[in-house]
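> For reference, the structure I am asking about is given below.
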Amino acid sequence: MPATALRCRVCETQYPLDPIGVCSRCFGPLDPVYDRDEQRRLVTRERIEAGPRSIWRYADLLPVAPPAEQSLPPGCTPLVQAPRLARALGVRELWLKLDTANPTHSFKDRVVAVACAKAQQHGATTLACSSTGNLANAVAARAAAEGLEAVILCPADLEREKLVASAVYGPTIYAVDGSYDDCSRLTVELSFEVDWSFVNVQLRSYYAEGSKTLAFEIVEQLGWELPDVVVAPIASGSMFTKLHQGFTDFVELGLVEGDLPRLVGAQAEGCSPVAKALAEGGKVKPVRPNTIARSLAIGSPADGALAAATASSIHITPEDEIVDNIALLAETTGVFGETAPAVTLGALRAAVRAGEIGEDDRVVLLVTGDGLKTPGLVADRLDPVFVEPDADRILETLGGGVR
Ligand SMILES: Cc1ncc(COP(=O)(O)O)c(C=O)c1O
Ligand SMILES: [Zn+2]
């Protein structure tokens, strides 16, 4: 396996490839280090293409060996063109990355699979997390698939569908009377007291790397070409920064040539600390989230500063546009996304308005989560015509004219 160590992003101290959450010298975040020469020798397009149809086809670029038995593996989700939405927005070529096709319908299955593989190498029996909803679903399902216990801490007022979609797998759920940021603080405190493997605390370096597979797949699915623009949501900023690193890995390994894509970030009006930091040129100032995009409601984003530094721009989607964007995506593409992709679509619309998307740009929009988990927001679109089981009654509703 080409991964050799963990290294602090701030002071560059190196650590063994163990479940260590932060640098013990400066509390900086840790990233895996790879033996690039070995990767160059090992990794080819052919080797990747011959691999399993899951994130594990990129195992040489991940910090953990694939599990011997790959149950419920995520990844290799569809990348589809969206010509009607492209025309509606005035974009020449628009692709949707449908990460709703993962086992629990969000991109979080990728990150959890990588973190869990590491946890199991270290004999973990309990997988745990703080979550804005989707991560909880992914942790609970992964634990069920692997025969582990699961513990979840999430805000008590999350969408009920997201809580139920975790509960069905049998985890212990702590519904916390507080925000996601409260849950996150609790997991850090608890990680010193209990031997649960928190995917986004001690396993964060491994977990985060899983998001690189989104970039790898996009390039492979475009026929080993780079897109010009990728539009992606930002909550903690982890996925956004790893997207960039994933594209960089492929270029550095000679798997693809060309300019790195411009990354356009998306945040909701009610929780936009990273967008504001980029606009104002200062530090990321924590906020108290107040947004209907619950999956993106992280007020104190761990990777916010790096996300701001990585982005070519970040756009804020107004709260009152989010539901309209869920509908626009559904009506023009047949894809029912949750609030996160609706916020992302808002950023794409804003980027088009700002003239940031060129005539020849090939754009990829990430659909990271599924609308079936947040149906309440569009419930008032349900307005059926109630009828007797009689064809004449239906014809009457057509106003006499046969269509
Ligand atoms: C559907 C969805 N998209 C995007 C994100 C953002 O991920 P990150 O915290 O890595 O920025 C989340 C986070 O929970 C999510 O649930
Ligand atoms: Zn350090």
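> In the Gaussian network model of the chain, springs joining C-alpha atoms below 10 Å, which of V219, V231, V364 carries the largest mean-square fluctuation?
Of the options given, V219 has the highest mean-square fluctuation.
> Would you mind getting the Kirkwood hydrodynamic radius of segment 137-181 from its Cα pairs, rounded to one decimal in Å?
After inverting the mean inverse Cα-Cα distance, the result is 10.6 Å.
> Next up: Pick from H244, H122, H105: which is most flexible by mean-square fluctuation in a GNM of the chain where alpha carbon atoms under 10 Å apart are linked?
Maximum fluctuation in the GNM of the chain, among the listed residues, is at H122.
> Still on this structure, please answer the following. Treating the angle as unsigned and between 0 and 90°, give the value, to the nearest 10°, between the Cα long axis of helix 339-353 and the longest Cα principal axis of the chain.
Tilt of helix 339-353: around 80 degrees.
> Just report the Cα centroid separation between segment 36-74 and segment 306-322, whole Å.
Using only Cα atoms, the two centres lie 32 Å from each other.
> Which is the longest run of the chain containing none of the chymotrypsin sites (Phe, Trp or Tyr not before Pro) found in DSSP loop states (not H, G, I, E, B) with at most 13 other C-beta atoms within 10 Å?
193-385
> For the chain, report the accessible area per residue in Å² (1.4 Å probe, heavy atoms, rounded to an integer).
Here the residues of the chain average 43 Å² of exposed surface.
> So how strong a dipole does segment 236-385 carry about its Cα centre when Lys and Arg Cβ are +1 and Asp and Glu Cβ are -1, to the nearest 20 debye?
Working: 12 positive and 20 negative charges, 121 e Å.
About 580 debye.
> Would you work out which of G28, P67, G123 lies farthest towards the positive end of the dipole of the chain? Charges go on Cβ: Lys and Arg +1, Asp and Glu -1.
G28
> Under a point-charge model restricted to the Cβ atoms of Lys and Arg (+1) and Asp and Glu (-1), what is the dipole moment magnitude of the chain relative to its Cα centre, in debye to the nearest 20?
Dipole magnitude for the chain comes out near 620 debye.
> Mind checking the angle between helix 238-252 and the chain's longest principal axis? C-alpha axes, 0 to 90 degrees, to the nearest 10.
Roughly 70 degrees between the two axes.
> Of S130, S71, S54, which has the largest mean-square fluctuation in a 10 Å C-alpha GNM of the chain?
S71
> Rounded to the nearest 20 debye, what is the charge dipole size of segment 284-358 about its Cα centre when +1 sits on each Lys and Arg Cβ and -1 on each Asp and Glu Cβ?
Charge dipole, segment 284-358, about its Cα centre: 260 debye, nearest 20.
> Please list the non-local residues whose amide H lies under 5 Å from the amide H of C271, H modeled 1.01 Å from N, same-chain partners needing a gap of 5 or more.
N290
> Moving to a separate point now. Rg over Rh of the chain, using C-alpha atoms and the Kirkwood radius, what does it come to?
That ratio equals 0.99.
> Right, something else. I'd like the carbon and sulfur percentage of the solvent accessible area for segment 135-253, probe radius 1.4 Å, heavy atoms only, ligands and nucleic acids excluded.
49 percent
> ³J(HN,Hα) across segment 357-366 via Karplus (A = 6.51, B = -1.76, C = 1.60, θ = phi - 60°), whole Hz, x for Gly/Pro?
Once rounded to whole Hz, the list reads 9, x, 4, 9, 6, 9, 10, 10, 10, 7.
> Using a 10 angstrom Cβ neighbour count of at most 10 plus a DSSP loop assignment to flag exposed GluC sites (Glu not before Pro), which longest range of the chain is free of such sites?
Working: sites that count: E69, E193, E257, E359.
Answer - 70-192.
> Okay, next question. Among Y206, W224, G270, whose Cα projects farthest towards the positive end of the dipole of segment 195-283, with charges put on the beta-carbon of Lys, Arg (+1) and Asp, Glu (-1)?
The Cα lying farthest towards the positive end belongs to G270.
> Can I ask one more? How big is the gap, in Å, between the Cα center of segment 123-145 and the Cα center of segment 348-403?
A separation of 32 Å, based on Cα centres.
> How large, in percent, is the carbon and sulfur part of the accessible surface of segment 14-131 at a probe radius of 1.4 Å? Walk me through the numbers before you get to the answer.
Numbers: 2580 of 5100 Å².
Carbon with sulfur: 50 percent of the solvent-accessible area.
> In whole Hz and in residue order, list the ³J(HN,Hα) couplings for segment 300-310 that follow from phi through the Karplus curve 6.51 cos²θ - 1.76 cosθ + 1.60, θ = phi - 60°; x for Gly and Pro.
10, x, 4, 10, x, 5, 5, 4, 5, 6, 7
> Here's something else I'd like to know. Positive end of the charge dipole of segment 348-403 (Lys, Arg +1 and Asp, Glu -1 on Cβ, about the Cα centre): tell me which of T397, P384, L366 has its Cα farthest that way.
L366
> Which cross-chain or sequence-distant (5 or more) residues have an amide H under 5 Å from the amide H of V231, H modelled 1.01 Å from N in plane?
Those lying under 5 Å, H to H, from V231 are V264, V364, L365, L366.
> Of the accessible area of segment 259-399, with the probe set at 1.4 angstrom, what percent is carbon plus sulfur?
Looking at segment 259-399 in its full context, I get 52 percent from C and S.
The values are calculated or read from the model by the stated rules, or taken from the named source; none is laboratory data. Note that this is a predicted model, so its numbers are computed, not measured. All Cβ positions, glycine included, derive from the backbone under ideal geometry; neighbour counts span all protein chains shown. Only protein heavy atoms, including side chains, enter the accessible area calculation; ligands, DNA and RNA are left aside. Shrake-Rupley method; radii C 1.70, N 1.55, O 1.52, S 1.80 Å.
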